[in-house]
C-alpha cells in the first residue's frame, strides 16, 4: 500500500517548481504567481538570477519571517523580489489599503455589494 500526502503550502509549490526550473536551466529572471493564503492575495515572486535551490529556500523563509505580521508582502533582497499582484479591478492605491483592513472591507462588501456581472 502506498500513501502520499498531497497537501502542499504555497512555499512547497514554489520550491518544487524552482527545483524543476533550475534543473532544466530555465531562462532568468523567473517569476512565479501564486496565492499566498497568509496575506489572502496573489503574490509575484521574482528570482532575478540563477541561485541554488537551498539559497532560494532560505530566501523565501527569510521573506516569510520578515513579513509574517505585516499586511503588505512587498519584499526585496539580493536573492528574490516579492510583490502583490495588482488586481485589474482595484486602483494601485487601494491594494495596500485592502491588505490593511481587509476584514472591514469584507463586511462592507457583503452588505453593500454592487451588481457586477461576472463572465
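Please report the base-10 log of the normalised intensity I(q)/I(0) for segment 1-60, using a Debye sum with one equal scatterer per alpha carbon and no solvent, at each q in 0.23, 0.27 (1/Å).
-0.98, -1.22
Calculate log10 I(q)/I(0) of segment 10-103 for q = 0.19, 0.26 Å⁻¹, where I(q) comes from the Debye formula with a single equal point scatterer on each Cα and nothing for solvent.
Each listed q maps to, in turn, -0.88, -1.44.
Restricting to Cα pairs below 8 Å that are 6+ residues apart, what does the relative contact order work out to for segment 10-103? Please round to a whole percent.
25
Rounded, prolate or oblate: which fits segment 31-73, taking a ≥ b ≥ c as square roots of the Cα gyration tensor eigenvalues, rounded meaning a/c under 1.5, else prolate when a/b beats b/c?
oblate
All of the numbers you see were taken from the coordinates with simple rules; none came from a lab. None of these values were measured; they are calculated from a predicted model.
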